[in-house]
Structure formats: C-alpha cells, structure tokens
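No lab work stands behind these numbers, since they all come straight from the coordinates. Just so it is clear, the model here is predicted, and its values are computed rather than measured. Because the Cβ atoms are built from the backbone with ideal geometry, glycine has one as well, and the counts that use them run over all protein chains shown.
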Amino acid sequence: MKRQNVRTLSLIVCTFTYLLVGAAVFDALESDFEMREKEQLEAEEKRLQGKYNISEDDYKKLETIIMEAEPHRAGVQWKFAGSFYFAITVITTIGYGHAAPGTDAGKAFCMFYAVLGIPLTLVMFQSLGERMNTFVKYMLKRIKKCCGMRITEVSMENMVTVGFFSCMGTLCIGAAAFSHYEDWSFFQSYYYCFITLTTIGFGDFVALQKNKALQRKPLYVAFSFMYILVGLTVIGAFLNLVVLRFLTMNSEDERRDAEERASLAGNRSSMIIHIQEDTLQRSRRRREQQQQHYKSEVTDLQSICSCMHYHSHEFGSSNSFGSQLSPHQYHHYHSTVSYRIEEISPSTLKNSILPSPISSVSPGLHSFTENLRLMRRRKSI
Amino acid sequence: MKRQNIRTLVLIICTFTYLLVGAAVFDALESKMEITQKKVLDDRKRELMDKYNLSKGNFDELERVVLQLKPHKAGVQWRFAGSFYFAITVITTIGYGHAAPSTDGGKVFCMFYALLGIPLTLVMFQSLGERINTFVKYLLHRLKKCLGLRNTEVSMANMVCIGLISCMSTLCVGAAAFSRYEDWSFFHAYYYCFITLTTIGFGDYVALQKDNALQTNPQYVAFSFMYILTGLTVIGAFLNLVVLRFMTMNAEDERRDAEQRTLLSRNRQTGGAGTNHCMSDPPSSSTAGHGGRSGKGLCNVYAEVLHFQSMCSCLWYKSQEKMRYSIPMIISHDLSTSDTYMEHSETSDALHSNGCVCSALQEHSATSLVYTGLLSPAHYQRLSKRRSSI
C-alpha cells in the first residue's frame, strides 16, 4: 500500500486508541467524585428547597434565572473590553463560553467572523512563530560563538529544548500572574494557562471575571490579552518547529509520487530521443563535423522547491524556451532532475570529444542523487 | 526588509485590526440585549426573593448549589461514554466545558493527555484530509473524463468549490440531525455545528446533554461522536487544501535565502578560477561571434552539475570551454528567488546582471536563447512559485 495510506490509517488507529485509553482513565479518575458530589449537592438542594419552602415550579424558574444570570454575575460581558475578549476567544478558537452571543444576529456575525478570522490567526501565529524560531536560532548561534564552542551550528535538539523551556516558562509566568490577580491556587492558574494556550478553553476557569475587572482594571485587562496572544505565539512557534513538518508529509509524498510517474513517462520518450540523436550525431560528426546537438534541460519546480532545468536547444533553431516548457514539466521535481541527468550525461558523454570532465562528473551525479535522497528526508530547520 | 518579516508584520497588524473591528461589532450587537436581559433577570430574581423572603445570603447559597448541579442535571458526565466525549473535546481542542475535571488528578492527567493528544490529532486530521482531497481529485478527474470534457485537469478552483460545498453540507446535515434530537431550532443547531467543527466550542449549546442521552441513547451518542470526528476531517481537508500552504511560506522563504547564501559563498570559493576563465572569454568570443556561424558547429557544450542544495535541488550547469571555443558559462547565482534579482535581470544586460555570467557564444542567438530561457523559466517560476498545485 502507498506510504501515505499506511501513515493515515495508522494515525486513525492511534487516535481512536488514544481516545479509548483517555476515556477509561478519565472515567477512573472522575466518576467516583462525580457520584459523591452529585449526591451531596442534591441533598443540599433538597434541604434548601425545604428550608425556604419553594414549590417545584418556582424552583425550576429559580434554576433558569440563576443559569441565565451566570454570565452577568461575572460582569458586563459585551462592552468593548468584553467584546474584545470574546473576539479573541473566537478567532483563536479558545472559546471559553463565559459569554456567548445571545442574539441571533450576534450568532450569525460570530460565524462569519470566525470563518475569516480563524485562518488569518492560524497563519499569523505560524508566521510569527517561524520568525521567532529563526531569531532564537540566530541568537543561539551567536551565544555558541561567544562561548567559544567548536560547533556553532544550532541543532534541532537545541531548538526543541529551547522551545520546550519557553513554553514551560510562559505557562509558569502566567500561572504566577493569574494566581495573584484571580485568587486561584498556583496549580489552578497553571491549569487555566495550559487550557487557554492549547486553545481548548473549557471555561471552568476564566480570567477577568472577578470584581468587574473588564471595566475597572484596564492594565490587568491589557496584560491578560497580551498574555494570551504572546503565549499562543510561543506555543505556535513550538508547534511550527516540531509539528508542522508532519502536517505536510502526505502532500510531499504525493508530489514525489507524481514526479516519479511523470519522470518515468517523460524519460521513456526523452531517452528514445537521446538515443536517436546520439546515433544521428555520431554519424553526422564523423561525416561532417558540423553541428553539435546538445541538450540540457531546464524544468521549473513548484512551490517548495524551486529549481530550474535548462532546456537549451539546438543553435540557430527558432524554438523558444517557452514552447518546450510545457505545463506538466513544472511538476517535475528532485527525482526527475536526478533521473534525467543520469540519462542525459551518458549520452553527452558519448558525444563528447573530451570525455574526461564529464566522466568525472557522472560518478558525482550518482553521489548527488544519493545525497539528494538522503537530504530530501532530512528536514533542516 | 526581508519578505518574511514584512509578511509577519502585515499579518500581525491585520489580526489586531480584525480583533478591534470584531469587538466593536459584537459590542454593537450584544450590549443592548445584555443590559435588557440583565434587568429582566434581576427583576424576576427579586420577585422570587420577595415571594419566599430570601435574603441575599440565602440566594447566593441557592445560586451556588444550582450552578454546581448544572453538569449533574445534564446527566452522568464521567462514565465511559461521557469520558469519551470529554476526551474528544480535549484532543480536538473543542473544549465545551460542559464537564471539566474536578479532581486535581483529573486536571493533571488532562494536561498530559492534551500534550500528546493534540499534535497527534492535528497530524491525523491533516493526513486524512489530504487523502480525502487526493481521492476527490481523482474522482473529479474520472468524472471529467466520463463527461467527455476536453480539459480533464482538476484545477484548484474545482477543488475549493467542492471543499466549500462539502463543508456547507456537513454543517447542514449536522444542523438537521441535532435540531431534531436536541430540540433546537435549525439555526441554533447550525450554530452549534459551526462552533463545534471550528473547535471554538463555547459550550452554550452542547449535544448529548438532554434526557441523560449519554447513558440511554447509545446510537445517538455514536452518531454524535462520528459526526464530530468526520466533520472535523472535512474541515481539516479544506484547511489542508487552502490554508496549510500559507503556514509554511515563511519557512520556505527562509530556506531559499539560506540556499542563496550558501550558493554565493560556495561560488565565491570555487568559482574564482571558473569565472576568470569565463571572463577571459568575451574578447575572443566577441571576435569569433561576428565571424560566427561557422564556428558554431565546433562548439562543445558540456552540461556539468555544480552542486545540489538541500531541500531545493537546483542544478547549475557550468559548461566549460573546450580548447579554443568559448563556451557559455551559465552560472546563475540566485536564480531561484529574489525578486530584486528578477527585476534586475529584466532591465539590465543579461550577460552582466547579478552573477549570471554568460560569456558570449560564437552564436549570439544561442546566448540570447539561453538568456530568454533564463528569463522565461524564471518568469514562470515566479508565477508558479505562488501557485501551489494540489
């Protein structure tokens, strides 16, 4: 089976297994507590209902009132500061739910807002994250030079270590700050920061919901917003470093397969042409020594790898490059390049008057393709 | 400034502006309603308080109990079905919050669970999404063939159209199903599906919370789980098609820049002799050039590979002069990318523009041919560089 299919199937199986295992563990951890808490609360409820002698209907009404009033308890949610907070939770997909649009128009706008905002934010965080990684790599290199180390190259391990520590540092700073301002324990704050920065956003702990902070403490509000956005950037940088390459693996494999198919098809025809031309050339040169055909190919490469093959034509021919660079050739990639060269160079070898430079080249070519295959898998930073 | 930096700055500014605009609009849409709703609730609250002669303290007590009972009223949340539901909301980052770990152990496990689960899920959805896109592309190709269309190539526009339609239908199918099972209006059910599948997950609408569905309605439970996972795959496929390429843009540009720098430094080292060799050619070749055409046939051009670069394998052909014939030395230093180079090469003489050292051939037309060749592939390249094929 194709590599991409195997990969995808394994990932699906892994994820389902992961879900099952997680469900089992959460069940084991939380079920007992849930049962006990439920019993306690229901007993308490009954007691209070009896104490104040509230009828069933009225109690239901009371329940509804209390549930609906919940967001209001935390303060004004939709003034500018609160709306900005909400907008952040939408486009970063955190989605606490501490405030959710009540009007239908708000819901509709929320959907359109998300459709444009989420991709924008995704791209922005990845972009900024990549810039941060590049900067950190540069700084590390300078530090290594300053420290007088022999190897000044920054390896992937270095970057991953630094990234991991930045994430931990970000979480700890946030935990300290929020535990101070929100009066949570350090652990609860850390949990809040983690749930926020992974964009899960349960909403069991939400900042800026105490003491009307959204309206009264602009500095704390600004800090919270900046923390969320900066924290997401740091996490985004780490994801960019570690996870992003895996997201494109299937596409790269698919492209490579397409190249190989195309080059196999292309080479079948070009080989014949070469062979024909070779015999023609040899006979011609032996007779006339006039024209020398040569071909080197330029093929344009697509997005990730931009490379060119030169397709030079016979001198004096009116063929322009454009006509030769047919669209399908744009899809040729590394393997095509290496493959074609291996086909071309022996033919030019035969035609050459000075075989030595080329013969020295062709073994080089083989080693190049080897390197190429190795390098293709090696993901450089 | 480097292209990546400009891109990043523009994105940051765009996002902030987007947030400000969004905040203003939400304020305008929701503020008034919030104030009136609060007033209504306060009135009803006071009414009940008066009726039962409750003090504020009493009411707060009641309030606490009611709010804490809320998840319990919705059903058993942590049995296996509920836990599975919760696990889904964690690793897909939906995070409704309808149930959240109460114990400290649960919170800790939740964090570790998310740490491993979220990247796994991201990669899985993108992987599966890419497979779906490839399959759809194949089907579309076959369909085009069957229909006897002349152009059977599947374009990006085709794929995006199909992606959009699949997303819309997924949302509509979910909206229809949930509006029936959860007794929501179609619009609210659609809103729920949208908020779920974009992984925002407010939690204002949550499925499987009525009538103890998690325990009593296994088919509906299975449907909900499958819907969420399949829906996320469809959305993931669309994101894979449209958005993923933009997330790797900076890294690609950075790699290209690195290659250029390496190329430049390498050519400086090794190209010294070669370039001298090349530079000495013009005088002889120019005289020969005019005499020209007869010498053409005796010119040998050898294609020689200079070097490969890591991710981008660019072949630089360095053809060497053989004996007395000048041979075009096509050493393009930074053929791959910089826009400045491209602009430059268009305006200035190709022979001497930025490192593209082309000594004149006997055959002038060949040089111009090569030069044209340098330009037009570069031209195509610039166009196709941004065009990301499926």
Using the Cβ atoms and a cut-off under 13 Å, what net charge is assigned to the surroundings of B:F109, where Lys and Arg are +1 and Asp and Glu are -1?
-2
Partner shielding of A:51-61, taken as the mean number of other chain Cβ atoms within 10 Å, equals 3
Label-point separation, B:S185 to A:E260 (7 Å along Cα→Cβ), nm
5.6 nm
For a Förster distance of 51 Å, can you work out the FRET efficiency between the beta-carbons of B:N5 and B:S169, rounded to the nearest 0.05?
0.80
Which cross-chain or sequence-distant (5 or more) residues have an amide H under 5 Å from the amide H of A:V243, H modelled 1.01 Å from N in plane?
none
Shielding by partners, peptide B:48-54 (average Cβ within 10 angstrom, other chains)
4
What's the center-to-center distance, using Cα atoms, between the stretch B:172-197 and the stretch A:1-46 in Å?
24 Å
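Counting only other chains, and only Cβ atoms inside 10 Å, what mean value do you get across the residues of A:195-208?
Details: counts 9, 1, 0, 9, 7, 16, 10, 14, 9, 10, 3, 1, 0, 0.
Mean inter-chain Cβ contacts per residue within 10 Å come to 6.
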Could you derive backbone 3J(HN,Hα) for the stretch B:164-171 from the dihedral phi with the Karplus parameters 6.51, -1.76 and 1.60 (θ = phi - 60°), listing whole Hz in sequence and x where the residue is Gly or Pro?
4, 5, 4, 4, 4, 5, 4, 4
For the stretch B:20-120, compute the orientation-averaged projected area of the C-alpha convex hull (one quarter of its surface), in nm².
10.2 nm²
Out of all Cα-Cα pairs in the stretch A:145-207, roughly what percent, to the nearest whole number, are more than 20 Å apart?
43 percent
Taking square-rooted eigenvalues a ≥ b ≥ c of the alpha carbon gyration tensor, is the stretch A:1-137 rounded, prolate or oblate, where a/c under 1.5 means rounded and, failing that, a/b exceeding b/c means prolate?
oblate
Share of pairwise Cα separations in the stretch A:1-82, more than 15 Å, in percent
78 percent
Derived scalar couplings ³J(HN,Hα) [the stretch A:28-34; Karplus, 6.51 cos²θ - 1.76 cosθ + 1.60; whole Hz; x for Gly, Pro]
4, 7, 10, 4, 4, 4, 4
At 37 °C and 0.692 mPa s, the Stokes-Einstein diffusion coefficient in µm²/s for the stretch B:116-167, with hydrodynamic radius from the Kirkwood sum on alpha carbon pairs, is 266 µm²/s
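Students often check this: by mean Cβ neighbours within 10 Å, which of B:75-87, A:44-56, A:73-85 ranks highest, and how do the rest follow?
On the way: B:75-87: 22.9, A:44-56: 13.8, A:73-85: 21.1.
Sorting B:75-87, A:44-56, A:73-85 by mean packing, highest first, produces B:75-87, A:73-85, A:44-56.
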Please work out whether the stretch B:214-261 counts as rounded, prolate or oblate from its C-alpha gyration tensor, where a ≥ b ≥ c are the square roots of the eigenvalues and a/c under 1.5 means rounded, while otherwise a/b larger than b/c means prolate and anything else oblate?
prolate
May I ask you to evaluate 6.51 cos²θ - 1.76 cosθ + 1.60, the Karplus curve with θ = phi - 60°, for each residue of the stretch B:86-100 and list the ³J(HN,Hα) values in order in whole Hz, giving x for glycine and proline?
4, 4, 4, 5, 6, 6, 8, 6, 5, x, 4, x, 4, 9, 9
Between the stretch A:107-121 and the stretch B:43-88, how many Å separate their Cα centres?
32 Å
Based on the alpha carbon coordinates of the stretch B:77-130, what radius of gyration and maximum Cα-Cα distance (Dmax) apply, in Å?
11.9, 39
